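Student: Okay, here's the structure, questions in a sec.
Nothing in this text is a laboratory measurement; each read-out follows from the coordinates by a stated rule. Since this is a predicted model, take the numbers as computed values, not measurements. Neighbour counts are summed over all protein chains in view; Cβ atoms, including those assigned to glycine, are modelled from backbone coordinates with ideal geometry.
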Amino acid sequence: MIPAVLPTYNRAPLTFVRGEGAWLIEADGRRFLDLGAGIAVNALGHAHPALVEALTEQAGRLWHVSNLYRIEEQEALARRLVDATFADTVFFTNSGTEAAELAIKMVRKHWSARGDGDRIEILAFEGAFHGRSTGAIAAAGGDKLTKGYGPLMPGFRQLPFGDHEALKAALTDRTAAVMVEPVQGEGGIRPLPDACLKGLRAACDATGALLVLDEVQCGMGRTGRLFAHEWAGISPDIMMVAKGIGGGFPLGAVLATEAAAAAMTAGSHGSTYGGNPLACAVGLQVMDIVADEEFLAGVRRRAGLLRQRLEGLVAVHPEVFEAVRGQGLMLGLKCRKPNAEVVTAGHAEGVLTVAGGDNVIRLLPPLVLSEEEIAEGVARLDRAARRLAPAAV
Ligand SMILES: *Cc1c(COP(=O)(O)O)cnc(C)c1O
C-alpha cells in the first residue's frame, strides 16, 4: 500500500524534534552534528535567536498580504540585495525551482521583446541541477531527473562539464542564454574554475547571450563570499537564489540587471506567496548577518580549517575517501566506498552529511559552525570511516 506521504524520498530512519545551532536532536535526546544544514538551507544553523525573533515579531503583526499591495519587508530586502550585488531588481519566490522558472521566462521574454522570439536556446551543463519543475528538469537534462516526464520543454542543450571545445562550438549569436551553477551542488560539488567563469562571461558578451547563474546552493555566503561568482570577479545578467537566503524559511529570488529584466512588465509574472512579509522579515535578518565582510571572513577562515582537517581524514582513510573538493563551506568528499554507505555510517556516529552525484558526500554545514564543532565533526567522520574500513594509520 502506498504510504500516506508520497514515497519520492529514500528517507533515513531519523526523526528530529529540535535544533540548536549546528545540532539536531531526536526525541530520546540523541544529538547529531548537522553538516548538511537542510541541504545548505539552515545557513545560520537551527533556531538562531535573531531569526526566531524576526519571525515571531512578524507573525504577531502580519503574515500575508497579496502582491497587489506594497510590502515593506519585501521592498527592504530587495533594496538590501540590490545594494549588495550586481543586480538592479529582484523578484521573490518560495523556492529555487520557482526562481529557475522565472529565469527561463525572463530569458525568453528578453529576446521576444527584442523581436527575436526564435532565440530560445539555453545552454546548460551535464550534472547540473536547477529544480524539479518541468522547465527546470528540461534545463538540467539527464535521465535521473527527466525519465518518464516527456515530452520535455524544448530549447535546452546540455554540454559536457568542463568541455571548452563543446562550449565554443555551441555558443553562437543564436544562443539565448547560458545557465550554470558556479559550484555544482547535486552534481557532486564540482566548482567551475574562476578562469572558466571569466571565459564564459566573455563568450556571452561576444555573442549577446545572457549569463544566468544558479546560486541556489552556492550563494548566500556558502563559499566565503556573499555570492560564489564574486571569486571570479565577474557578474551575471540573471541569478537564481534560494536555500540559504531564508535560513530555513521558504524563500527564493531572481536577481537581474535592468537590461535583462526590462521586458518583465506588470502582468508578465507573479506569485501568491513570493516575497510575503514572513519570508522577507526572516530574509532581512539573514542578509544583515551574512552580508557582512567580517562574517564572511570568519566563514573563509573556518572553511580553511575544515578543509585542512578533511584532507587529513582522506590521508588516514584512503580506502574510504579519495579527495576533498569544493569551496568555502561547500565541500565534497569523493568516496571510494559507496557514498550512501558513508552517509549511513555517519548517522551511526551522530553526524549528518548529504550524498551527491559522482559518489561524493556533501558537507554544507551551517555557516556559523564553530572551530570546536569542526573538530567534533571530523572526529565523528573519522569514526564513521573506521566502521567501513580499518584506518591506515
Ligand atoms: C536546490 C536547488 C534548486 C532547487 O531549489 P528548490 O528550493 O528545491 O526548488 C535549484 N538549483 C540548485 C543549484 C539547487 O541546489
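Student: Any idea what the dipole of the range 243-393 comes to, in debye rounded to 20, about its Cα centre with Lys/Arg Cβ at +1 and Asp/Glu Cβ at -1?
Tutor: 520
Student: Let me ask something additional. So who's got an amide H within less than 5 Å of the one on Thr89, skipping anything under 5 residues away but keeping other chains? H placed 1.01 Å off N, in plane.
Tutor: The answer is Ala256.
Student: Here's a follow-up. What's the longest bit of the chain with no exposed chymotrypsin sites (Phe, Trp or Tyr not before Pro), using DSSP loop states and at most 12 other Cβ atoms within 10 Å as the test?
Tutor: After excluding every exposed loop site, the longest remaining stretch is 150-393.
Student: I've got another one for you. Nothing charged except the Cβ atoms of Lys and Arg (+1) and of Asp and Glu (-1): what's the magnitude of the dipole of the chain about its Cα centre? Round to the nearest 20 debye.
Tutor: 780
Student: Could I ask something else about it? Please report the antiparallel percentage of DSSP beta bridges with both residues in the range 50-290, rounded to the nearest 5. Provide the component values of the computation, followed by the final result.
Tutor: On the way: 11 of 26 bridges.
Here the antiparallel bridges make up roughly 40 percent for the range 50-290.
Student: List the relative contact order of the chain as a percent without decimals, with contacts defined as Cα pairs under 8 Å and 6+ residues apart. Don't skip to the answer; put the middle values down first.
Tutor: Values: 813 pairs, mean separation 88.8, N = 393.
Over the chain, the number comes to 23 percent.
Student: Residue-wise, which Karplus ³J(HN,Hα) couplings in Hz belong to the range 55-72, taking 6.51 cos²θ - 1.76 cosθ + 1.60, θ = phi - 60°, and x for glycine or proline?
Tutor: Values per residue, Gly and Pro as x: 5, 6, 4, 5, 4, x, 10, 6, 8, 8, 9, 5, 6, 6, 10, 6, 10, 4 Hz.
Student: Something else now. Non-local amide H neighbours of Phe125 (under 5 Å, H modeled in plane, Pro and chain starts lacking H): which ones?
Tutor: Sorted by chain and number, the residues that satisfy this are Leu159.
Student: Work out the count of Lys pairs in the range 50-290 where the Cα-Cα distance is under 27 Å, with the pair 8 or more places apart or on different chains.
Tutor: Step by step, the pairs that qualify in the range 50-290 add up to 13.
Student: Expressed as a whole number of Å, what is the distance separating the alpha-carbon centroids of the range 274-300 and the range 164-235?
Tutor: Centre-to-centre distance over Cα atoms comes out at 23 Å.
Student: Starting at the first residue of the range 268-279, write each ³J(HN,Hα) from the Karplus equation 6.51 cos²θ - 1.76 cosθ + 1.60 with θ = phi - 60°, in whole Hz, x for Gly and Pro.
Tutor: 7, 7, x, 6, 5, 8, x, x, 6, x, 4, 4
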